Structures are given as structure tokens and as C-alpha cells.
Amino acid sequence: MGRALAVIIWILTLLSVILFVSKKWWFPPAISAHAPALDRQFMITLVVVGIAFAAAQIGLGWMVWKYRDTPNRPAATYTHGSSRLEVVWSVITAVIFVGLALMGQSVWASLRFNAAPPGSYQVEVVAQQFEWNFHYPGKDKIFGRTEPELIDEATQNSIGLDVSDPNARDDQVGKLLAVPVGRPVELILRSKDVIHSFWVPPLRFKQDLVPGMAIHVHFTANKVGKYELACAELCGQLHFNMKSVMLVLPEDEFRALTEMPPGKPFIDRITELRDKYKLPEEQ
Amino acid sequence: MSDGTHDAVHRHEPPKGFIRKYIFSLDHKVIGIQYILLALVAVLVGMIMSVLMRLKLSWPGTSWPILGSLFPAGAPGGVMGPEFYLSLLTMHGTIMVFFVLTTAPQGGFGNYFLPIQIGADDMAFPVLNMMSFWITGVGFVVLLAAIFFSGSSATVGPIGGWTGYAPLSALGQIAGPGQGMGMNLWIISIAIFCVGSLLGALNFITTLLNMRTRGMSLMRMPLTCWAWFTTAVLALLSFPVLLGGGILLLLDRLAGTSFFIPGGLVVSGLLSGSVKQFPLHTGGSPILWQHLFWFFGHPEVYIAILPGMGATSHILATFARKPVFGYRAMVFAIFAIGLLGFFVWGHHMFISGMSPYSAMAFSIVTLSIGVPSAVKTFNWLGTLWGGKIRFTTPMLFAIGFVSLFVAGGITGLVLGQTSLDLPMHDTYFVLAHFHLVMGVASIFGMFAATYFWFPKMFGRMMNEKLGKIHFWITFVGVYSIFVPMHIMGIVGMPRRYSEFTQYRFLDSLHPLVVFVSIAAIITVLTQVVFYFNVIWSMFKGQKASDNPWEATSLEWTTATPPPHDNFAGHPPTVYRGPYEYSVPGAAKDFLMQTEPETAEAPLGAEGISEDGHDGHKH
């Protein structure tokens with residue numbers, strides 16, 4: 001019985017490790033400036049975790065194999081432990097674990113402790129149950145005023161843009177997100193109703209959109225293409241279908257887009273761009 | 001503790017009538033069994049729900065005619081709708097966390113064995129004990145009612161996950177299916193549960209501190225008692241916060257307050273205050289709910305697993321025939337986990353919009369809590385080292401607990417890091433992590449406890465052959481279910497999706513999704529063996545002696561099953577620590593805690609220094 005248990009524990013450990021090491025299924029290729037550092041931190045952590053996991057399971061299997069009760073086995077060792085061992089393994093694990101925690105702050109700090117760098121392109125994201133709205137400031141790079149009272153789905157003013165505000169005249173609103181490649185982007189995240197979460201897997205980036213708050217986040221996307229945008233916080237019945245795409249566009253294509261007149265011309269242009277690019281999975 | 005005053009206070013005669021004996025019983029043993037039965041019913045419901053969810057995820061669009069007739073609104077034509085899936089998910093989580101993982105380990109086994117293991121004749125407050133069970137039972141009925149009273153919308157219950165994030169949970173029917181009466185009942189059920197757990201916690205703490213028998217110093221208690229005690233302290237401090245939060249949430253829904261609802265919301269095209277069914281709200285904070293919920297919710301995961309840790313330590317020592325390695329370190333580790341467990345709740349909220357500096361602090365404390373967890377693992381391995389291991393079914397499950405605790409706990413090192421939470425938050429990686437460590441590891445602890453203590457509770461052994469079949473399939477099964485979920489999370493699969501058909505980046509995962517579902521169905525079906533074994537053994541099992549496992553703690557010194565006042569009017573006196581196995585020079589390979597000191601039998605290092613002189617009132 002002890003030997004069978006040991007073998008099962010080892011086989012399960014081996015299969016688990018193989019599943020991770022084979023990388024048959026893995027992260028999508030990264031498309032953001034912070035992703036390489038984040039992926040490196042993930043791999044360092046995974047190596048530590050993997051070694052600890054395998055060592056503990058191999059050790060557990062070895063104990064149940066070696067110390068199984070057989071007719072020849074002498075009586076069990078009578079010991080109440082060892083204070084020295086307790087101190088040694090406490091200190092070693094504390095150093096490793098807290099060390100990982102400290103290392104794990106660097107990408108976080110680079111993204112969240114600082115405001116977006118100057119020259120970042122700003123887009124306001126307004127989530128609502130099962131749809132994404134994106135508010136671009138237009139040529140003047142200033143957002144027009146928005147008011148919840150002005151939200152009217154019938155006239156397609158889904159973010160409540162105040163058209164009487166001069167700054168709002170060139171503002172573009174659409175259901176697709178477009179950002180420039182290689183340039184910092186600042187998102188201003190809002191929600192009209194419940195909590196949603198902005199999740200683009202190859203961006204290695206997620207942030208909740210909380211009603212009543214305007215959360216400022218920033219990142220730099222560095223690979224042109226089209227990527228799926230998903231909602232990652234349970235927001236109701238059709239949560240599984242609250243999707244859009246993020247287009248990462250070359251600078252000139254992006255500039256031309258931002259200078260399109262709002263309304264139909266803008267929507268048509270961004271739809272064309274959506275159809276022009278393919279998802280990584282479709283290539 | 002056996003002086004006259006205490007006897008006068010705690011003595012109650014064996015009840016005569018059926019109702020007093022089995023229904024509204026004051027006997028901690030009967031109440032413990034009631035809690036276990038409640039958990040056995042609840043876990044069955046929760047498991048069936050998980051299978052339905054797997055069916056939906058793997059084979060979306062398939063018609064299951066029986067569901068069509070049972071839930072015509074949720075599964076029209078037998079095809080499960082998204083709102084049906086989400087209410088299954090909500091109920092599965094709530095039932096499992098509250099009515100399984102918080103009842104069986106503490107209210108069940110703790111209730112039955114804590115008083116006996118410390119040599120007491122009952123809990124300190126028997127009436128309170130009865131009330132805590134029945135209040136919990138009412139909570140369960142209210143929760144089940146939530147499935148069937150969800151108003152006109154086409155759903156079978158509340159939708160919000162077990163975390164019930166506001167404002168989705170606060171807005172009412174306007175926010176969509178599953179936000180009507182079912183959600184009110186869900187909140188009320190949890191509030192009721194909080195009250196029941198609070199009463200239970202008071203009882204555990206008082207009993208343990210005041211009612212230990214002569215010689216039972218704190219450091220002579222079995223580790224199970226330390227675990228139940230610490231769990232009770234966590235429950236005492238965390239449940240009131242959830243209760244408060246639940247009341248505020250209910251007020252937001254029913255009284256038009258705005259604790260969690262900010263101003264200016266537009267829900268389903270309607271502005272707050274513009275229509276009667278959506279009154280004016282202003283000034284609330286959705287993040288406040290998350291703070292209140294997780295201030296409770298994180299200690300809750302330790303409430304679920306600490307008793308399993310205690311049972312595992314106890315059972316490993318018994319069947320390795322060795323004292324627990326590092327008893328004192330184990331006690332400190334339990335305390336450290338309990339204490340640190342109150343300062344890590346923010347790791348559920350790194351990307352909630354909370355301050356990034358708070359996130360950093362929570363992250364560092366979170367990884368620190370890995371240290372006492374690792375210390376426990378090292379000591380479990382140390383306990384097995386040099387042992388003479390008997391592979392009974394309880395021992396297999398206890399070893400399984402160690403394996404699963406490591407497998408599930410260790411990925412906390414990934415999730416606890418702020419940076420790595422950016423890709424991992426709310427994905428299947430999180431699901432895999434907490435199901436392994438808080439779900440199945442805790443359940444393995446309870447399986448171990450069931451096989452171990454069943455003979456004492458019912459006077460008959462459970463069937464070993466069935467027990468081993470149950471162990472082998474379940475052990476391989478849970479690894480097969482939850483290890484692949486980590487990989488899904490790495491690819492980016494979000495939690496709480498009722499289907500994965502809408503995203504191309506998830507397409508490649510389909511074979512894994514189906515594999516997990518098949519593994520889950522097999523594993524769940526295997527539990528029939530366990531249920532059968534429990535019921536069959538109650539009536540037909542081999543008769544158990546008073547101490548079938550040759551164990552040392554007080555529950556094995558009394559009759560099987562124990563008499564009404566546990567020790568038949570003769571409270572035991574304790575002379576030594578709880579795990580005196582294989583003592584050199586002793587006649588047998590175990591010395592009961594009640595065995596008087598003799599010159600030649602050396603005593604355990606632990607407990608001696610603390611000997612009954614301190615902390616122990618006579």
C-alpha cells in the first residue's frame with residue numbers, strides 16, 4: 001500500500017510538471033512593454049513553485065515508501081522534533097517567499113505607482129452591462145463633458161456626451177478600442193452600472209471598472225494587430241459575451257483615425273480597420 | 001475541572017423523548033452528527049450543481065431533457081441558459097463554502113470531539129449549541145428557497161457568485177435575472193448563517209478555555225483542539241463583519257439606502273432616480289462591500305482548512321506511530337496563520353481600484369503567510385519520517401491532504417504577487433488554486449476525520465475496502481480536475497463564464513475543458529461509494545472496540561459510542577502529551593493520555609514543562 005501510494009503521488013507529480021513544462025497550452029505571445037518583465041517574474045516564481053512542489057511530493061512519496069509498516073521494520077523513531085530544524089526551514093522559506101513578494105512589486109510599481117508618462121494617448125472606457133464604449137477626445141485631445149442624465153440609447157448617446165460642450169464636438173465614440181503602437185496609452189476606466197473588468201490576455205493587463213470611480217491606468221502596446229477584449233468580472237446574465245477587440249495600430253493609421261469626423265465616418269473607418277486585421281488565433 | 005460547582009452547572013440528565021434526544025438535542029455529540037448530516041446533504045447538492053456546470057461548459061447547447069422538465073425557465077428545452085449556469089455557480093459556491101466547509105469541520109467534528117478530547121462532559125452552553133445548529137439549518141432552508149423564489153425572471157436562483165459583489169447584488173431586479181427575491185433570500189441566508197456560527201464560536205472558545213479536565217494543560221491538547229479553538233476565534237472576529245455587510249446590502253436593496261451604490265448609475269437604460277423601481281442612489285462605494293466581504297472572506301478560508309490541518313496532524317501521528325514532529329511549532333504555526341489571515345484580505349482586491357500601495361503591503365503579508373503553512377508541511381513530513389506507517393483509509397486521506405495542501409497552497413506564491421495578479425486575477429488559475437487548497441484539501445481532511453472517528457461515533461468500523469476504492473479514485477480524480485485548470489488560467493480563461501464559445505483565444509482549450517468535465521463526473525460518481533459506505537457501515541459494519549486504532553487521546557479512553565456525559569461520571573485525569581507513540585521502554589507502542597506516570601516510561605518533552613500547574617484552574 002505504501003509503495004502504491006508513493007508511485008501514484010510521483011506519477012501525479014510528474015504529469016503535473018509535464019503539463020506545465022510542455023507549454024502545449026501557454027500564455028499568448030505578449031504585446032506590451034511591461035510584459036517581458038512580468039513573464040520573467042512569472043517564470044522565476046514558477047520555477048520556485050515547481051521545485052518546492054516536486055520536492056515536497058517526492059519527499060512525501062519517499063516517506064510513505066520507506067517508512068511503511070512491514071514485519072521487519074523496527075519501532076518508530078521516538079522524537080518530538082528539532083527546534084534547530086524549525087528555525088532553519090522557517091528562515092529559508094521566509095527569505096524565499098518575502099523575496100518573491102518584493103521582486104513581484106517591480107512591474108506593479110512601474111504600472112501603478114506612477115501616473116501615465118507625458119504624451120500618453122488618452123481613451124475613456126465606459127463599460128455597461130455586456131457592452132464596451134470607447135470615448136476618444138478627437139483632434140483637440142480634450143474630452144467633452146459627459147453626464148449620466150444625457151445617456152440615451154435611443155439616440156445612441158451611450159456615454160452621455162454633452163454635444164453643447166465645444167470640446168465635445170470632435171469627440172468620437174465607438175464600440176471598438178484603438179490605440180497607437182509603441183506609445184503609452186492612458187485609459188480612464190468608468191462603468192455605468194455594475195463592476196466590469198478590462199482584460200486583454202496578450203497585454204498581460206487587467207483592471208476593474210467600478211461605477212462611481214474613474215480609474216486611470218496606463219500601458220504601452222508594442223505589436224500591431226487585433227486582440228480580443230473580455231470582461232473579467234461577473235456583471236450579469238451575458239457576462240460571457242461582453243466582448244470587444246483592441247486594435248493596436250501603426251502611428252500614421254492611428255493618427256488618421258483620430259482625425260476622422262465623429263459619427264458615421266469614424267465608425268465606418270474603425271470597422272474597416274477591425275476587418276483589416278486578424279486575431280493571432282486566426283492567422 | 002471536575003469540582004462540584006462545575007458539575008452543578010454543566011450536568012444534564014440523558015434526555016428521554018425522541019425529539020429531545022435526536023431533534024432538539026442538547027448533547028454536543030448529537031449536534032455534531034446533525035452538523036455532519038447537514039454537510040452531507042449540502043455537499044451532495046453542491047456536487048450535483050458542479051456536474052451540471054461542467055456539462056454546460058463542455059457541451060454547450062446540448063439538450064438534457066430532464067433539466068427541461070425540472071427547470072422550464074432556466075433550461076428551456078433542456079438547454080441550460082447563461083442565467084441558469086450563473087445561478088448554479090452562485091449556489092454551488094455558497095453551499096460549499098458556508099454549509100459544507102464551515103459546518104462539517106467545525107460544527108460537526110469539532111462539536112463532537114472537542115469536549116471529549118479535553119475531558120469535558122459537554123459544551124459550555126448546550127442550549128446555545130442547539131440553537132447554533134438549528135439557526136444554521138434555517139439558513140440552509142432559506143438558501144434553498146432562493147432557488148425557487150426568484151421572481152418572474154427566467155432564472156433558478158440568485159446570480160452573484162459566492163462573493164455577491166455590489167452593486168450588481170445591490171440594485172435589484174433592474175440589474176437583470178437573478179437579482180430579485182432570490183438575491184434577498186441569499187443575503188438573509190448568509191446573515192442567518194453568521195448568527196449561527198457566532199454562537200458556535202462563543203461556545204467552542206469558552207469550552208476549551210474553561211472545561212479542560214485535570215492535567216489537560218494547553219500544551220497537552222491534541223492539535224485538533226488547537227485548530228478548532230483558533231477557527232472559533234477567527235469565526236468570532238470575522239462573521240460579525242459579514243453580518244454587518246449583509247445587513248447594509250439588504251438595506252440598499254430594500255430600503256433605498258446607498259452604502260454600496262454610487263450616484264449617477266444608468267442601469268438597463270434607466271437613470272437612478274428617474275423611475276420608481278430604480279430609486280435615487282448617491283454616495284455609496286462598491287469597493288466598501290469588497291473590503292467588508294473579504295475581511296470576513298479571507299479568514300473564512302482558514303476557518304475551512306484549519307480543522308482539516310488539525311485532523312491531519314492527529315491522524316498522521318496515530319498511524320505513523322510517532323509523536324507529532326514539532327508540536328510546539330505546529331501550535332505557533334496555527335496561531336500565525338490565524339493572525340496573519342486577518343491582514344491579507346486585500347490580495348483579493350489588487351485590481352479592484354484600491355490604492356496600489358495598499359496592494360503592495362497586502363502582497364507582502366500574503367506571501368509571509370506561506371511561511372507557517374510551509375512549517376506545517378515540513379512538520380507533517382517530519383512526523384512521517386522514521387515512522388512505522390499503517391495505511392488505513394483515514395491515513396490515506398490524511399496523506400492525501402498533505403499532498404493536496406501543497407499542490408493547492410503553493411500557487412498562492414503566484415497569485416499573491418501584485419504584478420502576477422494582473423494576468424491571473426479572475427481566471428481559472430485562481431479557481432484551481434482555491435478549489436485545491438480550500439476545497440478538496442479541506443474535504444480530504446474531513447474524509448480522513450470521518451473514517452477515523454466513525455467507529456467512535458457509531459460503534460462500527462467503516463468498510464476498509466470501499467474506503468480505499470474511494471480514496472484512490474478521488475485522489476487521482478481531484479488532481480485530474482484541478483491541475484489542468486491552472487493551465488486554462490495561464491491561457492487567460494476567465495472565471496464565471498457560462499460558455500467559452502465567444503472567444504477565439506479560448507478555442508484551443510476545448511480538449512482540456514472536456515477532459516476536466518469527464519474527470520469531474522467520474523470523481524463525483526465515486527462519492528456514491530462513500531455515501532454507501534457511511535450508511536451501510538452504520539448498520540452492518542464490523543463492531544468497533546473502544547480504541548480500534550490504538551490511539552492515545554481521550555476520546556479513545558471512553559466507551560464506544562461514548563455515554564451521554566462522555567465519561568460516565570468519571571472525568572479522566574491527564575498525565576502526558578497527546579501523541580506518546582513508540583515511547584522507548586514502554587510495554588505497548590502507545591501511551592494513553594490517562595496512563596499515570598511511571599518511573600521507567602519517559603514522558604514527552606512537550607507538555608512536561610507546561611504540566612498541569614499553569615493556565616489551568618482547579
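Every number in this text was worked out from the coordinates using simple rules, so none of it is lab data. If you're wondering where the values come from, they're calculated on a predicted model, not measured in any experiment. Counting neighbours? That spans all protein chains shown, and the Cβs are built from the backbone with ideal geometry, glycine included.
So if R0 is 25 Å, what FRET efficiency would B:T206 and B:K543 give, r being the distance between their Cβ atoms, rounded to the nearest 0.05?
After rounding, the FRET efficiency stands at 0.10.
Give a residue-ordered list of calculated ³J(HN,Hα) values for region A:22-33 (Karplus: 6.51 cos²θ - 1.76 cosθ + 1.60, θ = phi - 60°; whole Hz; x for Gly, Pro).
Karplus-based 3J(HN,Hα) across region A:22-33 equals 5, 6, 4, 10, 7, 3, x, x, 6, 10, 10, 5 Hz.
Let me know the mean shielding of B:401-412 by other chains, meaning the per-residue number of their Cβ atoms within 10 Å of its Cβ.
For peptide B:401-412, the averaged partner shielding equals 4.
Take B:K465, project a point 7 Å from its Cα along the Cβ direction, then tell me which residues of region B:541-559 have their backbone nitrogen under 15 Å from it.
B:541-542
Would you list A:M103, B:M592, B:M183 from fewest to most Cβ contacts within 10 Å?
Neighbour counts put them in this order, fewest first: A:M103, B:M592, B:M183.
May I ask for the angle, rounded to the nearest 10°, between helix B:126-148 and the longest principal axis of chain B, with both axes built from Cα atoms and the value confined to 0 to 90°?
Roughly 30 degrees between the two axes.
Among B:I487, B:H510, B:T450, flag the residue with its Cα farthest along the positive direction of the charge dipole of region B:403-512, charges on Cβ as +1 for Lys/Arg and -1 for Asp/Glu.
About the Cα centre, the residue reaching furthest to the positive side is B:T450.
Considering only C-alpha atoms, what is the centroid distance from region B:395-420 to region B:306-352, in Å?
First find each Cα centre; the distance between them is then 12 Å.
Working out 0.36 nm times the residue gap between B:A568 and B:F343, then minus their Cα-Cα distance, what length gain in nm do you get to one decimal?
Here the segment from B:A568 to B:F343 would lengthen by 76.6 nm.
Against the longest alpha carbon principal axis of chain B, how many degrees, from 0 to 90 and to the nearest 10, is the axis of helix B:356-368 turned?
30 degrees
Which whole-number percent is the relative contact order of chain B (Cα, under 8 Å, 6+ apart)?
It comes to 15 percent, rounded to a whole number.
Collect residues whose amide H, placed 1.01 Å from N in the peptide plane, falls under 5 Å from the amide H of A:S191; neighbours closer than 5 in sequence don't count.
Amide H neighbours of A:S191: A:A127, A:V210, A:G212, A:M213.
What is the angle, in °, between the Cα long axis of helix B:510-540 and the longest principal axis of the Cα atoms in chain B? Nearest 10 is fine, range 0 to 90.
Taking Cα atoms only, the helix is inclined about 40 degrees.
Is the C-alpha gyration tensor of region A:152-239 telling us rounded, prolate or oblate? Criteria: a/c under 1.5 is rounded; beyond that, a/b larger than b/c is prolate, otherwise oblate.
Here region A:152-239 falls in the oblate category.
If you add up the charges near A:G2, with Lys and Arg at +1 and Asp and Glu at -1, over every other residue whose beta carbon is less than 10 angstrom from its beta carbon, what do you get? Before the final figure, lay out each step's value.
Values: positive: A:R3, A:K66, A:R68, B:R390; negative: A:D69.
The answer is +3.
Enter the mean number of other protein chain beta carbons within 10 Å of the beta carbon of each residue in B:354-361, as an integer.
The mean count of partner-chain Cβ atoms within 10 Å per residue comes to 3.
Exceeding 32 Å between C-alpha atoms, which entries from my cross-link table qualify? They are B:K21/B:K376; B:K543/B:K588; B:K388/B:K540.
B:K21/B:K376
Label B:D507 and B:V275 with points 7 Å out from Cα along Cα→Cβ: what is the distance between them in nm?
Distance between label points: 3.9 nm.
Assuming a ≥ b ≥ c are the square roots of the Cα gyration tensor eigenvalues, decide whether region A:1-107 counts as rounded (a/c under 1.5), prolate (otherwise, with a/b larger than b/c) or oblate. Can you show the working numbers first?
Values: a/c = 7.66, a/b = 1.67, b/c = 4.60.
Oblate.
Would you mind classifying region B:356-509 by shape? Square roots of the alpha carbon gyration tensor eigenvalues, ordered a ≥ b ≥ c; an a/c under 1.5 is rounded, otherwise it is prolate if a/b is larger than b/c and oblate if not.
The shape class here is oblate.
Running a GNM on chain A with Cα contacts under 10 Å, which residue among A:I188, A:I142, A:I31 ends up with the highest mean-square fluctuation?
A:I142
Could you work out how far apart the two model spin labels at B:I535 and A:S22 are, taking each label as a point 7 Å from the Cα in the direction of the beta carbon, and quote it in nm?
Result: 4.0 nm between the two label points.
How large is ³J(HN,Hα) for each residue in region B:164-170, as worked out from phi by the Karplus curve 6.51 cos²θ - 1.76 cosθ + 1.60 (θ = phi - 60°), to whole Hz, x for Gly and Pro?
x, 4, 7, x, 3, 7, 9
Put +1 on the Cβ of each Lys and Arg and -1 on the Cβ of each Asp and Glu in region B:206-336; which of B:F260, B:S217, B:L237 then has its Cα farthest toward the positive end of the dipole?
Toward the positive end, the furthest listed residue is B:S217.
What average number of partner chain Cβ atoms lie no more than 10 Å from the Cβ of the residues making up A:58-69?
Per-residue shielding by partner chains comes out at 6.
Taking the beta-carbon count within 10 Å as an exposure proxy, list A:S22, A:S244, B:S403 from fewest neighbours to most.
If I rank by nearby Cβ atoms, fewest first, I get A:S22, A:S244, B:S403.
Any idea how far the Cα center of region B:249-264 sits from the one of region B:454-513, in Å?
After rounding, the separation between the Cα centres reads 38 Å.
What does a probe at B:V514 reach in region B:51-69, counting residues whose amide N is under 13 Å from the point 7 Å along Cα→Cβ?
B:58-60
List the residues whose amide H sits under 5 Å from the amide H of A:L229, counting only those 5 or more places along or on another chain, with H placed 1.01 Å from N in the peptide plane.
For A:L229, whose amide H was placed from the backbone, the distant partners under 5 Å are A:S244, A:V245, A:M246.
Skipping prolines and chain starts, which residues have an amide H placed within reach, meaning under 5 Å, of the one on A:Q207, given they are 5 or more residues away or on another chain?
Under 5 Å from the amide H of A:Q207 lie the amide H atoms of A:F198, each far enough along the sequence or on another chain.
Order by neighbour count: A:L247, B:L340, fewest other Cβ atoms within 10 Å first, most last.
Numbers: A:L247 24, B:L340 19.
Taking fewest neighbouring Cβ atoms as first place, the list is B:L340, A:L247.
Residue by residue through region A:157-172, what is 3J(HN,Hα) from phi via Karplus (6.51 cos²θ - 1.76 cosθ + 1.60, θ = phi - 60°)? Round to whole Hz and write x for glycine and proline.
8, 6, 10, x, 5, 8, 5, 7, 7, x, 5, 8, 4, 9, 5, 9
Once R0 is set to 51 Å, what does the formula 1/(1 + (r/R0)^6) return for the Cβ-Cβ distance between A:Q283 and B:D589, expressed as a FRET efficiency to the nearest 0.05?
Result of the calculation: an efficiency of 0.15.
Which value in deg cm²/dmol, rounded to the nearest 500, describes the helix-derived mean residue ellipticity at 222 nm for the protein assembly as shown, given -39,500 (n - 2.57) per DSSP H run of n ≥ 4 and division by the residue count? Working shown, then result.
On the way: 26 runs with 444 residues, N = 901.
It lands at -16500 deg cm²/dmol.
In whole Å, what is the distance between the alpha-carbon centres of region A:31-63 and region B:130-151?
43 Å
Suppose R0 equals 41 Å. What FRET efficiency, 1/(1 + (r/R0)^6) with r the Cβ-Cβ distance, do A:L14 and B:L251 give to the nearest 0.05? Can you show the working numbers first?
On the way: r = 54 Å, r/R0 = 1.32.
Approximately 0.15, to the nearest 0.05.
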